[in-house]
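Read through the structure below, which is laid out as C-alpha cells, and then see the notes.
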C-alpha cells in the first residue's frame with residue numbers, strides 16, 4: 001500500500017492539473033466568444049476581427065477572398081511582416097483548389113504545415129508567424145455564398161479544439177459583418193440608382209430638385225458632361241437563368257470599365273442598358289467620349305466574345321436639367337444604329353446628321369422607295385457604271401457643286417465630271433440647277449448611304 005500511494009497521488013495531481021487547464025481554456029474560449037460577438041454591435045470590419053483574434057490566440061490571422069486577395073491580416077507581433085507572410089503562404093501550389101473544396105462543403109479544414117517553402121517566401125517571419133502546427137481555414141458564409149475565408153496560422157499552442165472553435169466563431173462574425181456591408185452597399189446603390197433615374201427622365205425639373213439630386217451624386221455643374229447609353233445583348237439564346245446571369249456579368253463589367261477609368265463618372269445599371277454620365281475634359285471634348293466608348297467595345301469583345309454592345313453618345317450638357325436631353329439623344333442614337341443594322345458600334349448623336357430626322361419615318365421601306373424614285377434609274381446601268389455615277393454625284397455635292405474640286409478629289413479630268421453629271425441628269429430626269437431637285441437628290445443619297453441598296 002505504501003508503495004502504490006505516491007503513484008496514485010501523482011495521478012490525482014495530474015488529473016487535477018488537466019481539469020484546471022481545460023477550465024482555463026474554456027474560460028478563455030468564452031471570453032474570446034464574448035469579445036467577438038460584441039463586434040457585431042459595433043461599427044467593426046473584418047480587420048478588427050482579425051486583430052482581436054490574433055491578440056487573443058497569439059497567432060497570425062488573415063481574411064482572404066475567394067480570389068486569394070488578402071482582405072485583412074494581423075499578428076500578435078505588430079513588427080512582423082504579416083501580409084508578406086500570408087501572401088507567401090497563398091502561393092502554395094494547389095492551395096486554391098483546397099480552399100474551393102472548403103467553400104463547397106461549407107466546413108472548416110485544418111491544413112498541415114507546408115514545410116519551409118512558405119516560411120522562406122515570408123522573408124524569415126518568426127515565432128507565431130510560422131505555419132508550424134498547421135493552418136485552420138474556416139469558410140465565411142454570407143447567406144448561401146462564401147465570399148472569403150478566415151485563416152489562422154500556428155495555433156497549436158492553444159489546443160486543437162479551442163483553435164478550431166474560435167476560428168469558426170470568428171468566421172461567423174466576419175460573415176455577419178460582410179453581410180451587413182452588402183446590405184448597406186445595396187441600399188446605397190438603390191438610392192443612387194433612384195437619383196440617376198430621376199435625372200434621366202427629367203422629373204423634378206419644375207421644383208428645382210434636379211440640381212439637388214445631381215449634387216448628391218457628385219455632379220459638377222461647372223463642367224460639361226456627356227451621357228453614354230450602353231445597350232447590350234449577352235449573346236446566343238440561353239436558358240432563362242443563364243441568360244440573366246450572363247447579362248448581369250456583362251453589365252457589371254461595363255460599369256467597372258468606366259468607373260475605373262473616369263474619375264467622377266456617374267453610372268447606373270438598368271434593366272436593358274448601362275448609363276454613364278461622363279465629365280468632358282476641357283481640351284478634348286467629344287473625342288474623349290468617343291475614345292472611351294471605343295475602348296469599352298474592344299474590352300467587352302475580349303471578355304465576352306459572343307456579346308453585342310452598342311453605345312450611343314448624347315450631346316454635351318452642363319446644367320443638370322439638360323441631362324435628360326442628352327440621355328434622350330443617346331437613346332435615339334442607339335435606336336437609329338439598331339434600325340440601320342449597325343449594332344456593335346459607338347456613335348455620337350451629332351454624327352447622325354440628317355439621318356436622325358430621316359429615321360423618324362416609321363417605315364424604312366418608305367425611305368427606300370423615295371430613294372429609288374429619285375435615283376433608282378441609275379441602277380439600270382451596269383453595276384460598275386451605276387456606282388461610278390453615284391460616287392461622282394456624292395462627291396459633287398460635298399464639293400459644293402464645283403467640277404474642279406470634284407475632279408481633284410476623284411483624280412479625274414473636270415470634263416469627265418461634267419460628262420457624268422450630265423448623264424445623271426439625263427438618266428434620272430432631275431435638274432441639279434433646280435433647288436428642289438438638288439435637295440431631293442441629296443436626301444436620296446443620304447438614304448442610300450444609311451440603308452444601302454444603291455446600284
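Looking only at residues in the range 260-298 that are part of a loop (DSSP other than H, G, I, E, B) and under 17 Å from residue 200 (Cβ atoms), which one is modelled with the highest pLDDT? That would be 265.
Could we say that residue 65 is in contact with a strand residue (DSSP E or B) (Cβ under 6 Å, 6 or more places away or on another chain), loosely packed, with under 15 Cβ neighbours inside 10 Å and either in contact (Cβ under 8 Å) with a residue 40 or more places away in the chain or assigned by TED's automatic domain parsing to the domain that holds residue 149 (or both) here?
Numbers: in contact with a strand residue (DSSP E or B) (Cβ under 6 Å, 6 or more places away or on another chain): yes; loosely packed, with under 15 Cβ neighbours inside 10 Å: yes; either in contact (Cβ under 8 Å) with a residue 40 or more places away in the chain or assigned by TED's automatic domain parsing to the domain that holds residue 149 (or both): yes.
Yes.
Residue 44 meets the stated requirement of being modelled with pLDDT under 85 and surrounded by 13 or more Cβ atoms within 10 Å (Cβ to Cβ). If you check 133, 198 for being at pLDDT below 85 and not in a helix (DSSP H, G or I), only one passes: 133.
The values are calculated or read from the model by the stated rules, or taken from the named source; none is laboratory data. On a predicted model such as this, the values are computed, not experimentally measured, just so you know. Here Cβ is always computed from backbone atoms with ideal geometry, including for glycine, and neighbour counts include all displayed protein chains.
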